[in-house]
Amino acid sequence: MTTPRCRAARAALATAVCLLLLPLLAAAEDGESVIVRAPKPYTSISALVASLGGRVDYKYENVDALAVTIPRARLAELGAAVGPEVITKDKLMAPPRPLERLDVPADDQEGDQSLTGAELVQLASAPEDYNFNDDLIHATELQRQGQIGAGITVAVIDTGTANAPAVAALRGTVLGGENFVNGDPSATSHLNAAHGTWVGTVIAGHATFRFTNTSGIVRAVKRNAPEAIQSPCPSTPAICAVSSFIPMVGVAPAAKIYALKVFPASGGGAPESRIIAAMDRAITLRRNFNDGMAQTVVAGDGSENSPNVYQALKIDVVNMSLGGPTLFAARDLEDRLTRTMIGVGMVLAASAGNDGFAAMTGGSPGTGLGSLTVGAANTAKHERILRDLQHGVGTGALWRPTTHIQTADFSSRGPTADGRIDPDLTANGFATYAQGASGGISLVSGTSLSGPMVAGAAALLVGGFPSATAFQIREALILSASPTTLGDGSGPIDQGQGMLDVAAAAARLAGGVQDGRIREELATPIVALNILKAGLEPIVFRNDRYTARVADLRPGQVTQFFVPSDVRTDRLTVKLSNVTPELPAFQQNALFGDDIFLNVVDAPTSLAVFRLSRFVNADSTFTVDNPQTGLVRVALQGDSTNAGKISADVTIERVRAAQGRPSAVGRIAEGEDVVYEVAIPAGAAKAVFETSWLATWARYPTNDLDMVLINPSGAVNVTGAAANSPERVEISKPAAGTWTVVIQGLSVHPPGSDGDEDREAADAENENRHQGGQGDDDGDQAAKERYALRVTVDGSRLQID
């Protein structure tokens, strides 16, 4: 029988469970937020949503979908009308945060001065601009020619970008903005979080700041990058005797910024529907311009709290220093819109993510085919300045003894689950000199800061080559990146094509870059096969054992091992032995010695689920119990702080066990709940609940099921409502009585998109049917996922009738 959204053996039980889960699982007090893929003009679907007591939150113009909020108890009715396979739960994206942030004391800053176009061109003639490594990426070569981004507009989808008097680096830069967060300060308010304004200063900053010579930042900069001090000093001899000026010059310092605010000022996350709405709006503004609509202000007065809002706008570049996991890289809604952006004439720079150096950790929209995905580099100068400020001037060189540029250890790595090399290229993202929404100066680390360097580079190229298409700009930036600038042995999945080189990109455009369009790439439903396209492959166990010698890892260099794990894998053991630094102890890092940095992340792709993170300098053994199904990644880095190379032997072992027959099997559609009752006997020491399914993290795309438990007293346990595959919950000393297990179809992709079937689950279902089990007998044609539920009590399987 079927009740609203809950399908179970007894309708009364299903209804009771739905009522119990309603306050827990509703995304908002008034219902569940979902994204519905439906054709325009949305008239009938909007009327249906209203009739079910819901509301339409967004009607997207550039993709056939809309976001709605509907009472959870009515969700099944919506699914019955439109098909549950077109409904996706609206996921929450975490707010972008830096990996490290150091705020320069306000007392150290004595003044600021915004710079004009002529002053910027003159400043670009200085030997090196530490602030954003403009010289390292050869942006200064274009800036000296007067190419500083004038007439170019960059949309920043973020926390808002401040248009406030205190933000000297962006005075006259923010031409308007739109706020997608109801009841929050405007998109250009100084009350917003700093992140979007930091991004803006990386793109288009144009100021110089005066600090006392006794301040930590001046002392650290003079020690490690004296050329970054503005010279000649732009003030009187008396002031110059006691103060120094450090410029903050973005890659495209004359560009304009249009702020699209999606994250609240309080620091909370944003639903995916809101991110999509901002992307959709940027596309619409550019489409309207392309269609001949005038760039007219339709709302606002241009002030901080009432920014200009346009009906059409020639947005040339979009920056998205944000991201989150995806089950279907390149093909979910956010990723699809990246291609649309390129098609209407906008270059999208997206941060790779900050999930660390294990493989397959880059998130969406960086996984989009149209994204220009940017990893983060770490230069010795930036790190030494930061460490001097943190631990005392002089400690920076001890902390970072080598001088070569590295891929930052926090920078997410490729490939994508469909086998594409990612990121596309790299720019500095470590200890970036930036100004926040309230005017404070900070050194900030993260791919959030490397992405806008590439956005600024794209703005320079659009200005210098106005007839070039967005596709050509994107291709030029990727193809001209320098693969040899980084000196840590970084490969394509670390640095992409290499370090951003703006002058080389300009030269390539001048020589001609063939136009084209972004095309979908073929992928198999098996992730282990897809990564072969990137020149990678899973390890092969021999008698459940694998060994390798990792030799001469440079400081910052990473070696990856892709470890297959299936539903029978109970444990992985990682052993490092014969850890051998190249240098004798007295020549190693004076603070830490030289070591290996070991990360083990679980099977989920597009994010890092850390199982181990250790610094290792001696023989060590680590275990990972109950790894998820897919490719577990074991990553060894020659620690970024090492003074020399380092080697080690690696042994990976696995313990596998037969799973036995499941307690119950079935099939579930997206948006559906299946409910079971489980009798737990008195005196049990441990109960284990585990739900597995076919399209795990080993598959492309991945399906996502959740498992919610309700104990005999009515307490709800959502430990199994994560992005894990399988979902597993262990309960110590479980209460005796009837437990309720709710399996939820959170995301189930249509037939044909998830590859071949998992024979174990299929055979288990057939066996269950022959024995009179539930099976799938409702005759509907919705996309279904096979699952198997296993419940054990003190090691003994329970059969669920």
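Couple of notes before you dig in:
- Its DSSP H runs of at least 4 residues, each contributing -39,500 (n - 2.57), put the calculated 222 nm mean residue ellipticity of the chain at -6000 deg cm²/dmol, to the nearest 500.
- Residues D515, D619, D566, D706 ordered from highest to lowest accessible area at a 1.4 Å probe: D619, D515, D566, D706.
- Alpha-carbon Debye profile of region 562-660, log10 I(q)/I(0) at 0.13, 0.18, 0.25 Å⁻¹: -0.50, -0.81, -1.23
- Per-residue HN-Hα couplings for region 584-601 [Karplus 6.51, -1.76, 1.60; θ = phi - 60°; Hz; x = Gly/Pro]: x, 4, 6, 9, 7, 3, 5, 9, 10, x, 9, 7, 9, 9, 9, 10, 10, 10
- Less than 5 angstrom separates the built amide H of Q557 from those of G638, all sequence-distant by 5 or more or on a different chain.
- For region 605-689, the spherically averaged projection of the C-alpha convex hull amounts to 10.4 nm².
- Heavy atoms of L529 accessible to a 1.4 Å probe, total area in Å² rounded to 10: 90
- For S114, the solvent-accessible surface computed with a 1.4 Å probe is close to 30 Å², ligands and nucleic acids excluded.
- The percentage of C-alpha pairs in region 90-239 whose separation is greater than 17 Å is 68%.
- Placed amide H near T629: partners under 5 Å, 5+ positions off or other chain: W697, S725
- Extension gain, R549 to V242: 0.36 nm times the residue separation minus the Cα-Cα distance gives 105.0 nm.
- Per-residue Karplus couplings for region 661-676, computed as 6.51 cos²θ - 1.76 cosθ + 1.60 with θ equal to phi - 60°, are listed in order as 5, x, 6, 7, 9, x, 10, 9, 9, 4, x, 9, 10, 10, 10, 10 Hz, Gly and Pro entered as x.
- Accessible-area value, L536, 1.4 Å probe, nucleic acids and ligands omitted, Å²: 40
- The reciprocal of the average 1/r between distinct C-alpha atoms defines the Kirkwood hydrodynamic radius, which for the chain equals 27.8 Å.
- Given R0 = 41 Å, the distance between the Cβ atoms of I526 and R797 translates into a calculated FRET efficiency of 0.90.
- Dimensionless Rg over Rh [region 234-377; C-alpha; Kirkwood]: 1.08
- Efficiency of FRET between D291 and T484 - r from beta-carbon atoms, R0 41 angstrom, step 0.05: 0.40
- Rounded D (µm²/s) - region 152-218, Kirkwood Rh over Cα pairs, Stokes-Einstein at 4 °C, 1.567 mPa s: 100
- Estimated Rh, region 373-419: Kirkwood, alpha-carbon pairs, angstrom: 12.0
- Between A299 and T403, the modelled label-to-label distance comes to 5.5 nm, taking each label 7 Å out from Cα in the direction of the beta carbon.
- Taking a ≥ b ≥ c as the square roots of the Cα gyration tensor eigenvalues, region 633-680 comes out prolate, since a/c reaches at least 1.5 and a/b is larger than b/c.
- Hull volume per residue, based on the alpha-carbon atoms of region 662-728 and their convex hull, is 110 Å³.
- Just the protein heavy atoms count here, and of the accessible area of the chain at 1.4 Å, carbon and sulfur take up 51 percent.
- Euclidean distance between Cα centres, region 648-679 to region 363-420, Å: 37
- Among 603-612, 356-365, 622-631, the order from most to least packed when residues are scored by Cβ within 10 Å on average: 356-365, 603-612, 622-631
- Burial order of peptide ranges 726-739, 198-211 (average beta-carbon count within 10 Å, highest first): 198-211, 726-739
- Simple label model, 7 Å out from Cα along Cβ direction - A50 to R223, nm: 6.7
- A P(r) calculated from all alpha carbon pairs of region 528-571, with 5 Å bins opening at zero, reads 5, 16, 22, 22, 20, 12, 4, 1 percent.
- Rounded to 0.05, the FRET efficiency of the K733 and D625 pair, given R0 = 22 Å and the Cβ-Cβ distance, is 0.65.
- In terms of the mean number of neighbouring beta-carbon atoms within 10 Å, the peptides 405-411, 416-422, 676-682, 98-104 order highest first as 405-411, 416-422, 98-104, 676-682.
- Where Rh is the Kirkwood radius over Cα pairs, Rg/Rh for region 315-460: 1.03
- For I152, residues with placed amide H under 5 Å, excluding near neighbours: K256
- Inter-label distance, Q145 to F610: 4.5 nm, where each label sits 7 Å from its Cα along the C-beta direction.
- Residues of the chain: accessible area per residue with a 1.4 Å probe, Å²: 36
The values are calculated or read from the model by the stated rules, or taken from the named source; none is laboratory data. Predicted model only: the values in this text are computed from it and were never measured. Note that we place each Cβ from the backbone using ideal geometry, even for glycine, and neighbour counts take in every protein chain shown. Note: areas computed on protein heavy atoms with side chains; ligands, DNA, RNA excluded. Shrake-Rupley method; radii C 1.70, N 1.55, O 1.52, S 1.80 Å.
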